[in-house]
There are 4 protein chains.
Amino acid sequence: MRTSAGGTGRDGTRLRADARRNRELIIAAARELIAERGPDVPMEEIARAAGVGVGTLYRRFPDRESLLVAVAGDNYRRVAAEVRNFVREGHGAWHTLRSFLSHASDVRLSLRLAFFSERTFSMLKHDAEARRSRDELLATLERLVRDAQTEGSMRTDVGAGDVVVLIGLFFDPARRARLPLAVPDDRYLMLMFDALHSGNATPLPGPPLGTDVLVRQLATDDDASPTPQGEPSPDHRP
Amino acid sequence: MRTSAGGTGRDGTRLRADARRNRELIIAAARELIAERGPDVPMEEIARAAGVGVGTLYRRFPDRESLLVAVAGDNYRRVAAEVRNFVREGHGAWHTLRSFLSHASDVRLSLRLAFFSERTFSMLKHDAEARRSRDELLATLERLVRDAQTEGSMRTDVGAGDVVVLIGLFFDPARRARLPLAVPDDRYLMLMFDALHSGNATPLPGPPLGTDVLVRQLATDDDASPTPQGEPSPDHRP
Amino acid sequence: MRTSAGGTGRDGTRLRADARRNRELIIAAARELIAERGPDVPMEEIARAAGVGVGTLYRRFPDRESLLVAVAGDNYRRVAAEVRNFVREGHGAWHTLRSFLSHASDVRLSLRLAFFSERTFSMLKHDAEARRSRDELLATLERLVRDAQTEGSMRTDVGAGDVVVLIGLFFDPARRARLPLAVPDDRYLMLMFDALHSGNATPLPGPPLGTDVLVRQLATDDDASPTPQGEPSPDHRP
Amino acid sequence: MRTSAGGTGRDGTRLRADARRNRELIIAAARELIAERGPDVPMEEIARAAGVGVGTLYRRFPDRESLLVAVAGDNYRRVAAEVRNFVREGHGAWHTLRSFLSHASDVRLSLRLAFFSERTFSMLKHDAEARRSRDELLATLERLVRDAQTEGSMRTDVGAGDVVVLIGLFFDPARRARLPLAVPDDRYLMLMFDALHSGNATPLPGPPLGTDVLVRQLATDDDASPTPQGEPSPDHRP
DNA sequence: AATGAATGAGATTTCATTCAT
DNA sequence: TATGAATGAAATCTCATTCAT
């Protein structure tokens, strides 16, 4: 049984064991460096951190964008399980949402990665599994938001898309690195939650932003068909 | 008696008319491009946008940092008058603070510019007038925050420094440009205000952040006189 | 057992064959051009002369200084063997000294290269092998001078350091290139030797200049061990 | 009575008093800076040192070469009187030659300046007075050398041209600046004299080099007629 | 398949020289 | 006429990407 997770080449053929290992090393190094220094770190440094040559990196990922896509996809996968666990616990939607976004820095990275650039986003469409993971993540987020709103603990004029935007704006490591200040993430995360909590009556301009809007907004120019072609391996975990 | 605003060379001598005009064109172009694409836009593009040669740009500003400083300084000056007007109106501190930060996009740019890099910040110290403007801006912010807290409309576990950080994190045009979404600034500004409004009881980690902390944190190596006038951050805890 | 001469990267690892060849082409081109036009020839020209792109040059030598160091180091190595041969012959120290400096233009280039700039010199300290070669060269020079003085054929109020300075002043190709004259090196080399010959009684201001002085004068900031082996300048005053 | 000394424009018209003053300030500043840092000092620095704008400098001297020519010419004139004095004293030709070259740093600068570049040299041909001063200087040098040789104190296989070459090679301030060593000029000047002193029997390759050779060698490509055209003001000091 | 060398297109900065004020 | 501002052609160096080993 072939799992597709990060283990297939462009044409769907199985990668050699060492090749797959390199692929993973590269993605891990890239995630680290990107999280630390933003999406513009020199390719050579990523290669060095991964312990491979640039050539290898480029053989695996023909350009920077496709590496970003891979990192994003990988991250979604990493997050997928975590997501389910968080939800299972059942401490109330609002609390779950908070701890979900507070503790899982991978989640935050995931939410940011999809929106690094149009091309990153649009390429994501061609990796069916990553897209599926992403959609699961977004669906979970949607559900948590909806439940929290039903509970009455979250204001109803915001949507899951707003949460994604907030995360995307807030947690930019490049920006943070540039701020010559040691500001604690937590403090501003808390403020963000307070902003989202119900009891804040200021009416917001515009309707709640759903994640569907985010996704749709990016899927206009390219092909509209949901999963057009090049789905390397349709079979995935049950 | 003329003030020197924008019209003096490094040594304080008056610039020739055409030179001053170019200087202003450059700063305007730089502000525009920086606001649009962040502080790393090619110098050549800035020059082109200003309608001058690179050489001219470099004659006026020997390196990128000094251009950033100039843009920051200029922006502070542009903001200074506006600041006073806003305050004069007197519709209550909270309302004033909101409209102050909501309407003046220059204010937001100013608050961000000071913290682009340590060197930008530190060079700013040597431009007395820009520093004065900055300090006036920060002092105003401090006052508004304090008053709003006294009014009971703003939570007391945040400080003016927190506002600056939030602005700095939120309104990064480079980041925005990268987001392939047309997100309305207003919406998130509102959320930010709601986060800052009183009635949000979640205790924040850490003490309120004053602007003095921001300024002091960056002023270690150089001159010791922290903030010549415009006392930012008197005590304001409840 | 291979020596690493010219064939190792910065970290001592073996270079690939083609890289080593390029490295050598670059050094050769640089030596040529530097000898012809001084240490300021455009990097791009050096690259062109070597038949490579600038990028290659910069990959090998991250900046101009490090290229100069490499050329110096290489030159020392080239000279090292020659030095021993000259000395072996044994026609009397004075004669040896003369032919040593007369025939080997590489020797002269070497003696000049170490003193192009403080940074060149100081970086040289970190290339152990080049330093060893340099020290061997200087030690040989010291010995020849001392022996010639013992023989009675060389004035005793000069030292090997003086010889280096004279070479350094005389054989500046940039200077020569600028002189719109075809002056024969030999002629002035001969005059220099006559100046150094004994029987010239004019007392010189200052003590004989040893090469140790040259070396020490430049070795203040960095490591304290002055000259690992190849003892330049034992006492040699009459 | 119009004296031509530095006081005429390109077309021979008398310069306004302030213009002449500027011309002199520029030349003085240029001499200083050139002597200190070689013939490549930025034009703007020369202008600044002279207390004028670059525009003024360029109005006076259309390019760098012509400034060098002017500095050379001026220097010759400054030296001319000195030359006569030195000779008048009459302490023996050898002694005179030594003190002549030892004490008058202007003399040394003059001897170097003529040979900075072909164009410098060739342009000199168009400034009749400077050429005359130069020729006087060279003639004096020739005479001193000849007399010293007649006295028996100077070797006869060298000529005044050799002396010029030696000076030209030795006293390059740019070179000296680069040497990270404080070497005393005197010491090497003394050595040079010892080289030139009789009693040094090593036969030199080639014939004595006369200054005529220097001059002739540079006058081939251009026009051969001694003072072709454009002698701005033939009348000069009686 | 892996490596890392080579490439060349920018980006920054300097400075000789021209030109508007 | 004096000024110094404007220009643009180098020169240095970096890095994404391609290609030989």
Within region B:47-61, can you find the residues that are closer than 14 Å to B:D74 by Cβ and more than 8 Å from DNA strand F (Cβ to nearest atom)?
B:A50, B:F61
Quick one: in region D:60-76, of everything that is hydrophobic (A, V, I, L, M, F, W, C) and closer than 26 Å to D:L141 by Cα, which residue is farthest from DNA strand E (Cβ to nearest atom)?
D:A72
Taking region A:49-59 only, how many residues are near DNA strand E (Cβ under 7 Å from one of its atoms) and assigned to a helix (DSSP H, G or I)?
5
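Looking at D:E36, D:E82 in this structure, which one is under 16 Å from the mean Cα position of the chain (by Cα), acidic (D, E) and assigned by TED's automatic domain parsing to the domain that holds D:L138?
Details: D:E36 fails: assigned by TED's automatic domain parsing to the domain that holds D:L138.
None of the others qualify; the one that does is D:E82.
Are any residues in region D:75-89 of a type in the set (A, V, I, L, M) and surrounded by fewer than 21 Cβ atoms within 10 Å (Cβ to Cβ), and if so, which ones?
Passing the criteria: D:A80, D:A81, D:V87.
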Give all pairs with beta carbons closer than 9 Å in which a residue from region D:55-66 that is within 14 Å of another protein chain (Cβ to nearest Cβ) and among the basic types (K, R) meets a residue that is assigned to a helix (DSSP H, G or I) and within 6 Å of DNA strand E (Cβ to nearest atom); count only pairs at least 6 apart in sequence or on separate chains.
D:R64/D:M43
What's the total number of residues in region A:36-45 that are assigned to a helix (DSSP H, G or I) and either in contact with a Ser or Thr (Cβ under 8 Å, 6 or more places away or on another chain) or near DNA strand F (Cβ under 8 Å from one of its atoms) (or both)?
3
Of the conditions (1) under 18 Å from A:E129 (Cα atoms); (2) surrounded by fewer than 21 Cβ atoms within 10 Å (Cβ to Cβ); (3) more than 16 Å from DNA strand F (Cβ to nearest atom), the single one that A:A72 does not satisfy is (2)
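Somewhere in region C:1-15, is a residue modelled with pLDDT of 70 or more, away from chain D (no Cβ under 14 Å) and within 11 Å of DNA strand E (Cβ to nearest atom)?
No.
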Listed residues B:R98, B:R112; which is modelled with pLDDT of 75 or more, within 13 Å of another protein chain (Cβ to nearest Cβ) and either part of a loop (DSSP other than H, G, I, E, B) or crowded, with 20+ Cβ neighbours inside 10 Å (or both)?
B:R98
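The values are calculated or read from the model by the stated rules, or taken from the named source; none is laboratory data. What you see is a predicted model; the values in this text were computed from it and never measured. Cβ sites come from the backbone with ideal geometry, for glycine too, and all protein chains shown count toward neighbours.
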